[in-house]
Each structure stands twice: as C-alpha cells, then as structure tokens.
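Everything below concerns the one structure shown next.
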Amino acid sequence: MENSTQESHLRPDNSVTYESPYPLYAMAFSSTPSRILHHGQRIALGSFIEDYNNRVDIVSFDPETLLIKPHPNLSVEHPYPPTKLMFHPNRKSSTSDLLASSGDYLRLWEVRDSSIEPLSVLNNSKTSEFCAPLTSFDWNDIEPKRIGTSSIDTTCTIWDIEKGAVETQLIAHDKEVYDIAWGEARVFASVSADGSVRIFDLRDKEHSTIIYESPQPDTPLLRLAWNKQDLRYMATILMDSNKVVILDIRSPTMPVAELERHRASVNAIAWAPQSYRHICSAGDDTQALIWELPTVAGPNGIDPMSMYSAGSEINQLQWSAAQPDWIAVAFSNKMQLLKV
Amino acid sequence: MASGLHSQERVPENLKKHLAFAARSIQWSYAIFWSISARKPGVLEWREGYYNGDIKTRKTIQAVELNADRLGLQRSEQLRELYESLSAGDSNPQARRPSAALSPEDLTDTEWYYLVCMSFVFDIGQGLPGRTLANGQPLWLCNAHNADSKVFSRSLLAKSASIQTVVSFPFLGGVIELGVTELVLEDLGLIKHVKTSFLDIPCHVIMNKSNIGVGSTANDNNIAHIALDTKFSPLVSCEQLEMASNSNSSDEFEPHQLEGVSLIVDRGMNYAPSQAQSWQFMEEDFSNCVHHSLNSSDCISQTFVDDGKVVVPPKSDREHENCLQAVQENNQTKLTSLDLQNNDLHYQNVLSSLFKASHQLILGPHFQNCNKESSFASWKKGVLVKSLKPRDRTPQKILKKILFEVPRMHDHELVESPVSNAVKDAAWRPEVDELGMNHLLLESRQRERINDQFIILKSLVPSISKADQVSILDDTIEYLQELEKKVEELESFRDLSESEARMKRKSQDSVERTSDNYGDNRISNGKKPSINKRKACTIDEVELEMDNVAMKHGSTDDIIVSVNNIDVVIKIKCPWKEGILFEMMDAVSHLHLDCHSVQSFTDEGILSITIKSKYKGSNVASEGMIKQALQRIAWKC
C-alpha cells in the first residue's frame with residue numbers, strides 16, 4: 001500500500017484534511033501533548049478494507065502550522081480492519097508511545113519516531129480454536145495498566161497489560177457486546193445487542209446494574225461514551241436511530257435527554273474533553289453537531305450549538321484531551337481536523 | 001429561614017387557623033404541618049393540617065350555613081376524625097361513627113390523598129418533608145403526580161388526586177407542606193407569604209406590597225395585590241393579580257387560563273446560562289406543560305427531581321457558585337442517604353466510589369460561537385429537521401460492518417456458542433439488578449448447557465476434526481451410522497449361530513402368528529400362515545435359505561421402500577415382536593399412505609411384510625422418512 005504524499009491544506013472553513021489511499025474507520029489521538037514532539041500530535045488511522053490486508057498508519061498533526069504529515073515508516077499491517085485504536089492515555093515519554101488495537105485480538109504496539117514494533121498480542125483463549133473477536137476496548141486512564149475489551153461472545157475482558165494477563169472476564173450481556181467505557185479505576189459500562197447499558201464494578205463482580213434499555217426491546221446499542229468531566233452522564237446511540245441518548249447514571253432507565261437533530265442515523269459520539277456539558281455527534285447525514293446541554297430544556301427539545309457538514313457520511317469522531325480545540329472526523333477516505 | 005433541626009415547640013396554638021389562612025389565601029388544596037414526633041424523635045409526623053380542595057359529600061349537622069372559613073375547618077376536622085377511626089382499625093366503622101361523620105365514599109380523591117398523608121411518617125432526611133427539614137431549605141416539586149416515587153413517595157397518591165405541585169419548607173421546628181391540583185411554577189414569594197402570614201395576626205390583615213415583595217424592585221408592577229377581607233372570599237380572581245411583566249415570564253400566563261392561581265411574582269432574575277445546576281429533561285413533563293398552554297419556550301423549570309436539590313435564587317453568579325458547591329457536596333453526601341431499596345445498595349456503592357474519585361470540573365469553558373476561526377457554523381434554529389431521503393445505502397453502514405461483520409471475518413470456523421468452556425470456568429457472571437431479566441438469563445443458561453453438550457459430544461466422537469457445531473453434528477451422525485452398521489453385522493452373526501443351534505430343536509409355536517390377530521381392516525390380503533406349518537423338512541431348507549439370504553444382506557433388518565409416482569411399495573423384514581405389525585401399520589397410516597395391500601409372514605422369528613400403498617393427499621412423506629419411521633419401530637426392543 002503506497003502512501004501518497006499528502007500536503008494538508010487549510011480549507012476556508014479552517015479544517016485540515018488528510019486524504020488516505022483507503023477508507024478509514026478507526027482513529028486515535030496520542031495523549032502526548034504535541035509541544036514536546038518534533039513532528040506534532042500523533043494520530044493513528046486504521047483502514048477499513050473488507051479484506052484480510054489492512055493497515056494502521058500514523059500521521060502527525062502540527063496545530064501551529066496546520067499541517068498533517070504522513071510517516072511512511074510508521075505503518076503496520078493489521079488483519080482485517082481494526083475495530084478500534086487507542087493510544088496510552090498518560091504517556092509521559094516523548095520518544096515512544098503505546099498504541100493498542102482491537103480486532104481478532106488486543107494488540108499492543110510501540111510507536112517510536114521511525115518505526116512501529118509489535119509489543120504483544122493478548123489472546124485470552126486457552127485453545128487456538130476458540131477466539132472471540134473484539135468489537136471495541138477502552139484504556140483506563142486512571143489505571144493505565146488496565147484495558148477493558150468487549151467481544152461478540154457477550155463477554156468483557158479486563159486485561160493487565162503490564163503482566164500481559166487477564167485480570168478478569170465477565171459475561172457482561174446476553175448478546176454481543178459492542179462498546180465498553182471506563183468511568184473510574186474499577187468501574188466500567190458496556191452496551192450490547194441486547195439493548196442495555198450496564199455498569200460493572202470490579203470489586204463486586206456478582207452484580208451489574210442496568211441503567212438504560214432501548215425502548216424497542218432488543219434494539220442494539222452501538223456506541224457508548226462516558227463523560228469524563230462529569231461522571232454522572234453517559235451518551236449512547238441506538239441502531240438505525242438519529243438520536244443521541246443522554247443518561248444520568250443516578251437515574252437508571254430514564255434518559256435525561258434525547259438529542260434528535262440529526263437527519264439520519266448517528267455513527268459516533270464524543271464528549272468534550274474539557275467541558276462537562278458539551279458533546280459532539282456525527283452521522284450519516286454528513287453532519288457533525290456540537291451540543292451544549294442546557295440546565296433546562298425548551299419544549300421542542302435541545303438544539304445543537306453548532307454544526308459542520310462534511311462531504312459524505314461521517315463514520316468516526318474523536319475529540320481528544322490532548323487537542324481540545326480540534327475535533328477529528330473520518331469520512332470515506334478522508335480524515336479531517338475541525339477547529340472547534 | 002428557620003432551620004428546623006432543633007425542635008422548637010413554639011408552634012402557635014391556632015396552628016390550624018394559620019394553615020387554613022395560608023391555604024386559602026394562596027388558594028391551594030391543602031396545607032400540612034409536619035413536626036418532630038414527641039414519641040419517636042428523629043421522625044416527622046403529621047401534626048396539623050387544613051384541607052382546602054374539592055369536596056364530594058358535605059355532611060354537617062348544623063342547619064345553619066357556615067361561612068367558608070368555618071366550613072373548611074369543619075371539613076378538615078371531619079377528615080381527621082375519619083382517619084382516626086380508620087386507623088383505629090374498626091371493623092365496622094359505620095356502626096360506631098355518628099351519622100354526620102364522613103365515610104370513605106364521601107371523599108374525593110384529593111381528600112383521600114389528604115387523609116392518607118396523615119398516616120405518613122418520615123425520617124429526617126427522607127421523603128419530601130424529611131429532606132426539607134434536613135436541608136433547611138424549601139423544596140418545590142412540580143408535576144408531583146409524575147414524579148419518581150423515590151423522590152416523592154406519595155407520587156402515586158398524588159396522581160390519583162391530581163395533585164400537581166407540592167411545596168415544603170421548614171418552619172417553626174417542623175415542615176409546612178402545601179399542595180395544589182394545579183401546576184404552579186416555583187415561586188419563593190409564595191413561601192414567604194405563607195411564612196409572614198403565620199407571624200401576623202390572622203383573619204384581619206390586608207396584605208400589602210411590602211409583605212409580598214421579593215427580589216428585584218426593578219419593576220413595581222411585579223407585585224401583586226391581594227385584598228382580603230374577613231370573609232375570605234375564596235376565589236381570588238385572577239384579574240386582580242397583576243402579572244409580572246418582566247421579560248421572562250410575561251407571556252407565560254394569561255389570567256383566564258389559570259384558575260385559582262397563586263401569586264406569580266417575577267423575581268426579575270435572569271438565570272445566566274453558566275449556572276451549572278444539574279439539568280434534567282423529561283419529555284413527559286413537557287407535554288404536560290404544553291397541555292397547560294404555557295407557551296414560554298425559554299425558562300420552563302421542570303420537575304426538580306433531584307435529591308435534596310436546593311432552589312436558591314442567586315443574587316450573583318459568584319454567590320451561586322458557592323451555593324452550587326454546597327449542592328455538589330450535598331449531592332455527594334446525600335447519595336448515602338438516598339432512600340434506595342436494598343438491591344440498589346451495590347449500585348449505590350458504585351456511585352459513591354465514582355463521585356469520590358472524580359474531580360468534577362463544574363464550570364467548563366464556555367464555548368462561544370463568536371469564535372471566527374471555528375470550522376463549525378452556529379446552528380440555525382428552525383432548520384427543518386427533515387430526515388434525509390434514505391439512499392440505497394443502509395444506515396450506519398460502516399459502523400454496522402465494524403461491529404457485525406468484521407469480527408466474524410476473523411474466524412469462519414468460529415464456534416457460535418457464546419462462551420467457550422474454558423472461558424466459562426474463569427468468567428464471572430454478574431447478576432443483574434433488574435427485574436424481568438430472568439427470561440434472558442434462562443435463555444443464555446440454556447445456550448450454555450447446549451454448548452456444554454456439544455463439547456462433550458466432541459470428546460466422545462473420535463472422528464471430529466472441526467469445532468463448529470454443524471461439523472460436530474455431522475461427524476456424530478456419521479459415527480453413529482457406522483456404529484449401527486457394526487452392531488447389525490455383529491447381531492446377524494450372532495443370530496446365525498443361534499439359528500443353527502435352533503434348527504436342532506425345532507419348535508413351532510413362536511412363529512405362528514400373523515397379521516390376522518390385529519384386526520386391521522386395511523389388510524385385505526396375505527394372511528399366509530406361517531410357512532413353518534407346512535412340511536418340516538422343506539421349512540428347514542427354506543429357513544436356512546432365508547437365513548443365508550439374510551446374511552447376504554448383512555443384516556436381519558431390511559426395509560425397502562420404492563416409490564413410483566404415488567404408489568409406494570414397502571418391504572419390511574425384521575425380527576418379530578408382539579404388536580410390531582400393528583405398530584408398522586400405524587406408522588404407515590401416520591405417513592399419510594393409503595394401504596391397499598398387505599402381505600405378511602413370519603419365519604423363524606423374522607417377520608416379512610410387503611405393503612402396497614398410495615400417497616394420500618398432498619402430504620407426501622419421502623422415502624427416507626418412511627424408512628426411518630419403520631426402522632425405528634423395527635429396532636425397538
């Protein structure tokens with residue numbers, strides 16, 4: 001796969017675009033602030049090719065010069081599209097970074113200036129026959145040795161990546177688990193095809209709490225985002241729905257708000273990293289909307305604060321704490337950085 | 001405001017009159033005074049109350065028409081008496097009570113609500129009155145009838161009574177609670193009014209501006225006038241109220257739309273958007289609001305359904321921040337005193353750990369949309385939210401592929417079972433704190449059991465190579481069939497040696513049965529008696545021949561089914577058992593075959609049947625099915 005030399009260009013609407021040779025899905029920002037890196041903020045991009053051969057590329061973004069620079073050396077092969085990519089949340093070192101990817105297994109990579117080395121492949125099946133591919137994972141930012149993965153075998157596995165071993169495995173749902181999000185060092189939530197959002201506490205593995213169930217029974221919930229600035233709130237999206245459902249974990253089963261302004265189904269959600277009541281969502285209507293959640297709501301529902309229209313359906317959205325002024329979206333072959 | 005944690009028994013003697021006055025002056029449905037119980041400290045109980053709502057059946061003994069005041073007091077008295085008699089547990093209350101006493105049928109729903117309230121007891125810190133007392137702050141509950149019962153335990157009662165607004169505030173060592181069947185928006189001036197009314201000498205006061213004024217003095221028109229006379233004309237007609245004309249709420253209420261409304265005094269405050277009260281949005285409540293034709297789109301404050309939420313009119317943002325801090329802290333400590341049920345304890349622990357651990361940024365940076373560099377354009381209201389015309393593509397296509405298809409790409413041999421055996425040993429299965437999950441749990445346990453069985457099957461059958469369920473089943477079927485063939489072979493060998501032995505001692509009785517005995521009227525033919533009855537020597541030969549023939553086939557069981565259009569010819573050869581012929585015929589008829597000819601004979605324990613039949617109707621059994629069915633019968637021992 002050849003990487004075309006890309007010059008990112010500044011569009012009139014202050015967005016920076018990177019065009020990739022293949023369609024993109026997974027995307028991740030490095031947590032290392034860009035000021036200590038020469039090249040800028042590292043962004044990992046996972047391809048979406050419906051084939052065995054897929055790739056993960058690293059590009060770097062410099063917010064000063066507004067350039068996205070590809071790194072042909074920082075590119076690895078990945079079997080089938082990676083379902084999620086994520087950098088280590090608290091990396092202090094400027095020379096190397098840790099990248100995790102989910103797909104058939106949870107893989108860890110070390111990203112250095114000029115190369116990516118595979119570090120480990122975390123496979124929790126005892127026999128080679130049974131493997132449970134992962135739909136998503138989340139890296140605990142309070143306890144960075146902990147990664148939680150969600151799988152189609154209805155389980156969530158908690159890994160201790162320093163030891164490379166499974167810390168625990170929970171049968172989280174009755175159907176495939178589609179997303180997982182950490183709230184605190186030992187508390188995580190997951191969504192599933194069975195239509196429920198459940199919260200788990202590792203100290204009490206016997207119990208979980210359902211905090212929301214989709215109104216039509218068995219409507220899968222596809223994505224989950226936990227507001228890191230205000231742990232009371234979570235957001236989730238349903239299959240084939242244009243609604244973003246905001247939940248208050250203190251009031252189970254009753255959503256606090258349903259944001260319904262997308263004109264087609266929603267694909268991705270991300271809470272603002274620096275504000276507790278802003279959330280961004282993107283969907284098939286090619287729009288990315290930023291919402292400000294009000295203290296009181298008008299009778300017609302909540303309107304977004306601002307909007308952006310991309311060229312085609314937006315499949316991925318990332319709003320990183322390392323770059324709170326920029327929102328990254330991915331649609332078809334392109335990755336765009338939008339200034340908030 | 002009186003902090004009510006230390007009980008002052010400075011309750012005025014004519015408390016009832018005060019309550020009456022309060023309820024009537026604001027035209028609310030009831031007023032209750034909760035006070036610390038003398039018998040059980042730390043607990044709030046009903047002390048005194050006044051009912052001012054709708055009445056169904058009036059029962060008085062006096063012929064004289066009382067004034068409204070007296071009537072109301074009397075009614076409240078009667079309700080209290082009814083409560084006492086009911087709670088005394090009289091089995092036949094009618095007999096005991098005097099004729100003019102109320103009985104339950106005489107009560108409206110609202111009265112009933114008022115009555116049941118008398119039975120309530122609250123711990124300090126629990127329930128609406130309890131929380132009010134603990135916080136020392138008023139609580140204003142809109143849409144009480146729709147509130148969560150965790151917040152307002154009497155919400156169901158309120159629903160039947162149509163009590164929509166409940167307000168409680170600490171006063172004089174206890175809590176005063178007021179309720180009304182209308183939806184009244186929060187107004188602290190009202191509370192102040194009630195409080196001041198207690199301090200004044202009742203019955204003779206004409207309330208003037210200074211007593212009611214609250215908040216901003218920016219607009220003199222804000223303050224409403226109430227002229228009261230000794231007669232307590234019940235209806236404070238709305239025209240007398242000058243509605244606040246400030247920006248926020250000016251359009252909210254048109255006088256004739258609300259009956260018996262209380263003071264609506266505009267506080268003249270603008271709630272700056274950076275106030276970070278915890279926000280709630282309940283769609284149901286909005287529809288209610290709409291029904292009540294409140295058409296303000298901006299500042300509708302909805303159900304303050306929150307634990308111990310403080311309603312404080314801030315004078316400035318800074319002050320509000322401090323208050324907010326208090327709220328937040330309150331929230332965190334309050335969590336432990338939430339009246340959750342037992343099975344929520346676990347979740348409660350989860351919540352408390354979460355909130356302790358988090359450092360909440362209460363005020364985030366305010367996103368200003370005047371940022372010209374932003375890639376985002378500000379949202380235009382009124383943009384038609386038409387859904388995009390669905391193109392040929394499926395919605396959420398890539399997302400669905402990532403979640404549904406990509407994982408399955410990895411291993412096409414993937415066992416469909418949710419949990420592998422190895423995983424199941426190590427995995428925890430959390431219990432879900434929700435009702436109604438049982439069927440799902442049962443389902444998944446069922447699946448687990450099935451998977452277990454597959455694992456076992458795989459271990460039993462040596463020839464299984466692949467791990468998926470289909471392959472396991474296929475291999476198992478093959479293996480079984482092989483084993484059956486082997487068994488047949490071995491059995492035939494055994495029979496052969498047995499029959500050789502038998503030939504030496506000829507007996508006739510065991511074989512002399514034919515299909516006659518079973519009276520099957522479809523058998524028209526072929527009751528050839530046992531061949532054995534004929535010449536002995538030839539029989540032996542025949543037997544031997546037959547056995548040889550049988551051996552050639554390799555098994556003593558033989559079922560041949562030949563289908564020709566709708567004609568089906570079945571030839572069966574199997575060891576004879578009592579009743580087997582009948583069973584065979586039964587099976588054949590179940591297969592929707594019309595038999596028109598049956599030939600059968602038994603030979604040395606081997607029954608041979610030839611059935612000629614036709615397919616009956618459209619339900620056509622296949623060759624295999626017929627064979628299987630008959631085989632099953634033939635192999636039964």
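Each value in this text was obtained by applying a stated rule to the coordinates, not by laboratory testing. All figures in this text were calculated on a predicted structure; none of them were measured in a lab. Ideal geometry is used to build each Cβ from the backbone, glycine not excepted, and the neighbour counts take in all protein chains shown.
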Next item on the list: Write down the Kirkwood hydrodynamic radius of segment A:244-340, to one decimal in angstroms, obtained as one divided by the mean of 1/r over all alpha carbon pairs.
Entry: 13.8
Note to self: If you filter segment A:197-258 for GluC sites (Glu not before Pro), then keep DSSP loop positions with at most 16 other Cβ within 10 Å, what is left?
What the structure shows: A:E206
Next item on the list: Would you mind checking which residues have amide H under 5 Å from B:L607's amide H? H placed 1.01 Å from N; only 5 or more apart, or other chain.
Entry: B:C574, B:W576
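Please sort by residue number the trypsin sites (Lys or Arg not before Pro) in segment A:78-119 whose DSSP state is loop and whose Cβ has at most 10 other Cβ atoms within 10 Å.
Working: sites: A:K84, A:R91, A:K92, A:R107, A:R112; in loops: A:R91, A:K92, A:R112.
Of the trypsin sites (Lys or Arg not before Pro), the ones in loops of segment A:78-119 whose Cβ has at most 10 other Cβ atoms within 10 Å are A:K92.
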Item checked: Bins of 10 Å from zero: percent of alpha-carbon pairs in segment A:118-235 -> 14, 48, 31, 7, 0
Margin query: I'd like the per residue volume of the convex hull spanned by the Cα atoms of segment B:553-637, given in cubic angstrom.
Written below: 85
Check: Which net charge results for the neighbourhood of A:E110, defined as the other residues with beta-carbon distances under 13 angstrom from its beta-carbon, given Lys and Arg at +1 and Asp and Glu at -1?
Finding: +1
Note to self: Quick one: 3J(HN,Hα) in Hz for segment A:149-165, Karplus 6.51/-1.76/1.60 with θ = phi - 60°, rounded, Gly and Pro as x.
What the structure shows: 10, 10, 9, 7, 8, 6, 9, 10, 10, 9, 9, 9, 7, 5, 8, x, 10
Check: Which whole-Hz couplings ³J(HN,Hα) result when phi for each residue of segment A:96-113 is put into the Karplus expression 6.51 cos²θ - 1.76 cosθ + 1.60, θ = phi - 60°, listed in order with x for Gly and Pro?
Finding: 10, 10, 10, 10, 10, 9, 10, x, 6, 9, 8, 10, 10, 10, 9, 9, 10, 4
Next item on the list: Over every pair of different alpha-carbon atoms in segment A:198-284, take the mean of 1/r and invert it; report that Kirkwood radius in Å.
Entry: 13.5
Notebook entry, point to check: Exposure proxy check: A:L74, B:L345, B:L483 ranked by fewest other beta carbons within 10 Å?
Noted result: B:L483, B:L345, A:L74
Margin query: Along the Cα→Cβ direction, 7 angstrom out, place labels at B:S463 and B:K397. What is the inter-label distance in nm?
Written below: 4.6
Checklist line | 5 angstrom amide H check on A:T135, placed H, neighbours 5+ away | finding: A:S150, A:S151, A:I152
Next item on the list: Starting from the Cα of B:N565, step 7 Å toward the Cβ, then list every residue of segment B:586-613 with an amide N under 18 Å from that point.
Entry: B:593-597, B:612-613
Check: Using the C-alpha atoms of segment A:20-282, what convex hull volume per residue, in cubic angstrom, is computed?
Finding: 140
